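Right, one structure below, let's go through it.
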Amino acid sequence: MSYQFSIERPSRSVRFPVLVLGGIVCAVIAAYTFAACNDRSPDQAAAGETVMTTPAATVTATAEKPALVISGPVSFEMADSAYRARRYDDATALFQVYTEGRPTNPWGFYMLGLSAWKSGDRAQAESAFVQALALDSTHVKSHLNLSRVLLEGEQPESALVHIEAAIALDSTSSEPLRLQGRAFEALGKTDDAIAAYQRAIVTNDSDVWALNNLGALYIRLERFEDAIGPLARAVELDDKVATFHNNLGMALERTGRFGDAVNAYRAALAIEGTYGKAVANLQRVETVKQDPTVTPVDLSERSKRFQEEVDRWREPVAMTTP
């Protein structure tokens, strides 16, 4: 019997062709055309500063998309526009050219790393984040996203170096603590992973991915009752994420609450109809008869109880003296 659940995952998106000529970005998507002509870079220091131009570049055409032709200067805004439109291949090419003209700007390399990662090129992403950190070792976002790339590449020990640096630089954020949990999981240190996720939730009890990851870890450890609370809380805070519903369905199914599990899997598929994990899980459980002796679950109550538990985690431990 196969069970399908998920932890935090990066998004991958559809890519569209882009043509850049003389500072004009034209993205053609079916019959729609978008243009952005503002050449001021957000990292420009002051009014009147000279904007460095970048050399012309051409990316080889493929059968799927025409060549990306760049003529004249590439601004940060041009490249960022492609990234925000989720044209990650194009954004990678544009930020590559941009960083050649602005080699001392860590934000340019950071965005090159993000674009390359989202286009599926982990090696280029890692190289770009490393370059950003060489320019600014306090760049927290580069530490965090480099750690994500390293985790995807099954290098959790290397990822921990950057996660710990991010924690030292920003102790108020739950994000590096959540990533620390992922790294500990990858290393098989499940107690440390649970503690890291709990610290992330104490730091920000609205961090839905920390809640999800804690619940998913409990499922892996076959602590199914424990998984219900954080997953119910994640769904309550954000009911538009199919992964949360699917994982909650897993916890409900494994505690014998088949009818509730069916509802959770269907909720996942209502959000993302082609979500393969939820499809497989629903097919497996929807014909199973509910045992009438199993206690029904009140998900709102379980969410409330979990939040009360989080509040207790925040309470200082009483110190005793000998």
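The values are calculated or read from the model by the stated rules, or taken from the named source; none is laboratory data. The structure presented is a predicted model; accordingly, all values stated were derived computationally and were not measured. When we count neighbours, we look across all protein chains shown, and the Cβ atoms used for this are built from the backbone with ideal geometry, even at glycine. These area figures cover heavy atoms from the full protein model, side chains too; ligands, DNA and RNA do not enter into them. Shrake-Rupley method; radii C 1.70, N 1.55, O 1.52, S 1.80 Å.
A few comments on the model shown:
- Backbone amide hydrogens, once placed in the peptide plane, bring Leu68 within less than 5 Å of Val59, excluding anything fewer than 5 places away on its chain.
- Note on Asp311 and Glu100: with the Förster distance fixed at 45 Å, the Cβ-Cβ geometry gives a FRET efficiency of about 0.30.
- Filtered trypsin sites (Lys or Arg not before Pro), segment 232-294: DSSP coil and at most 12 other beta carbons within 10 Å: Lys240, Lys289
- Length added when fully stretched, Arg220-Arg84, from 0.36 nm per residue minus Cα-Cα: 45.4 nm
- Cα gyration tensor shape for segment 198-239, rounded if a/c is under 1.5, else prolate or oblate: oblate
- Anisotropy class assigned to segment 97-138 is oblate, per the alpha carbon gyration tensor with a/c at or over the 1.5 cut-off and a/b no larger than b/c.
- Lysines whose Cα lies under 23 Å from that of Lys240, excluding same-chain neighbours fewer than 8 positions away: Lys118, Lys277, Lys304
- Cα gyration tensor category, rounded, prolate or oblate, for segment 68-201 with a/c compared to 1.5: prolate
- Restricting segment 243-322 to GluC sites (Glu not before Pro) that sit in a DSSP loop and have at most 15 other Cβ atoms within 10 Å of their own Cβ leaves Glu286.
- Summed over the residues of segment 241-314 and divided among them, the accessible surface reaches 50 Å² per residue at a probe radius of 1.4 Å.
- Computed E for Leu237/Gln155 - FRET, C-beta separation, R0 41 angstrom, nearest 0.05: 0.85
- In a simple Cβ point-charge model (Lys, Arg +1; Asp, Glu -1; nothing else charged), segment 160-244 has a dipole of about 140 debye relative to its Cα centre.
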